[in-house]
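Right, one structure below, let's go through it.
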Amino acid sequence: MTYGGKGNCLLIRVRKAIPVNAVRAPIALFAGLALFVGLASSASKASNSPEQVFLSTLSTLRSLDPTVASVRVRILDAPRNKTGCGNAENGDSVGFYCQLDRTIYISLNMLDSISKNYGSSAVRYLAAHEMAHGRQHAVTGFSKDLVWSSVLDELQADCIAGSYLRIAYGYTPESTQGEEVRKFAYNIGDREYRHHDWHGNPRLRVTAVSLGMRTTEPSRCLSSKRFNYESLRESGAEMLRQWRKKN
């Protein structure tokens, strides 16, 4: 509309007679330019929204790692809170990977909050962390199926996430984006050591994601077929059966 306004003012100031068609053409042109600029601006804002940053990151990671190609995503917008793993306790602020349907669930409220407080790199880190759980599910299984705490799974996912960000976007611990990620990782660390869902204290989380950002091989985060919790559990169960037979 700004361009159209300027066009009208300039034309009105012209004193000599101007054909009506000659006036309409510039007005239409300026109006068209205003509409184009407005649409382009809206499209740019939409493509940079936290939701689009999150989704585009997942899409990039699917193309880079075949083990997560089938991982899906669903955006939760309160009051919707139904997931493949049951109803989310707080549907307006959730983010997790569901093993039962191999889907990442994330709320718009959480994405907006993270983007506002920590930046878009933190949103990419969140996407990479949840996708890392998809890799664990496909490649190694989860240590929480063997031990009481999930902290090993979470720290491994941080490491894989860092590696994903290094491969896809060139993040390093020293880069501006890497610093954003490290700051976010530090702030979401917790010290609830006795909680089953403990994710790791601030220093552990920063160390894990920094380690990942120094390598372009997620397998260095102990996430390869050579290190598999599922096979470990099976072999452990077999050893227990053999021991019981002997005793």
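Taken over region 129-171, residues that are among the basic types (Lys, Arg) and either under 19 Å from Val73 (Cβ atoms) or outside the structural domain of Asn201 (by TED's automatic domain parsing) (or both) amount to 1. Would a scan of region 139-147 turn up a residue that is under 14 Å from Leu222 (Cα atoms) and hydrophobic (A, V, I, L, M, F, W, C)? For region 139-147, residues under 14 Å from Leu222 (Cα atoms) and hydrophobic (A, V, I, L, M, F, W, C): present. Taking the condition among the hydrophobic types (A, V, I, L, M, F, W, C), at pLDDT below 50 and in a helix (DSSP H, G or I), does Ala40 pass? Considered against the rule, which asks whether it is among the hydrophobic types (A, V, I, L, M, F, W, C), at pLDDT below 50 and in a helix (DSSP H, G or I), Ala40 comes out as yes. Scanning region 47-71 for residues that are of a type in the set (D, E, K, R) and either within 15 Å of Tyr169 (Cα to Cα) or buried (at least 18 other Cβ atoms within 10 Å of the Cβ) (or both) yields Arg62, Asp65. Return yes or no: is Ser120 of a type in the set (Gly, Ala, Ser), in the same structural domain as Arg214 (by TED's automatic domain parsing) and within 26 Å of Arg191 (Cβ to Cβ)? It is false that Ser120 is of a type in the set (Gly, Ala, Ser), in the same structural domain as Arg214 (by TED's automatic domain parsing) and within 26 Å of Arg191 (Cβ to Cβ). In this structure, is Leu126 of a type in the set (A, V, I, L, M, F, W, C) and free of Cβ contacts under 8 Å to residues at least 12 places away in the same chain? No, not satisfied. If I ask for residues that are acidic (Asp, Glu) and touching a Gly at 6+ places or on another chain (Cβ under 6 Å), which ones from region 160-214 would you list? Answer for region 160-214, where residues must be acidic (Asp, Glu) and touching a Gly at 6+ places or on another chain (Cβ under 6 Å): just Glu180. Against the test of being of a type in the set (S, T, N, Q), part of a helix (DSSP H, G or I), over 17 Å from the mean Cα position of the chain (by Cα) and assigned by TED's automatic domain parsing to the domain that holds Ile114, the options Thr216, Thr207 yield a single qualifying residue, Thr207.
Tallying residues that are touching a strand residue (DSSP E or B) at 6+ places or on another chain (Cβ under 7 Å), hydroxyl-bearing (Ser, Thr, Tyr) and not in a strand (DSSP E or B) within region 88-124 yields 1. The set of residues in region 96-129 being under 11 Å from the mean Cα position of the chain (by Cα) and surrounded by fewer than 19 Cβ atoms within 10 Å (Cβ to Cβ) consists of Phe96, Ser120. Restricting Ala161, Ala185, Ala132, Ala157 to residues that are assigned to a helix (DSSP H, G or I), hydrophobic (A, V, I, L, M, F, W, C), touching an Asp or Glu at 6+ places or on another chain (Cβ under 7 Å) and buried (at least 22 other Cβ atoms within 10 Å of the Cβ) narrows the list to Ala185. Checking each residue in region 58-100 for being at pLDDT below 95, in contact with a Leu (Cβ under 6 Å, 6 or more places away or on another chain) and closer than 24 Å to Ser219 by Cα picks out no residue at all.
Of all the listed residues (Ser143, Ser149, Ser120), the sole one being of a type in the set (Ser, Thr, Tyr) and either more than 22 Å from Ile104 (Cα to Cα) or in contact with a His (Cβ under 9 Å, 6 or more places away or on another chain) (or both) is Ser149. Regarding Tyr171, is this residue under 19 Å from the mean Cα position of the chain (by Cα), at negative phi and part of a loop (DSSP other than H, G, I, E, B)? Judged against the criteria, Tyr171 is a match.
The values are calculated or read from the model by the stated rules, or taken from the named source; none is laboratory data. Every value quoted in this text rests on a predicted model; they were computed, and no experiment measured them. Every residue, glycine among them, receives a Cβ derived from its backbone with ideal geometry; neighbour counts consider all protein chains shown.
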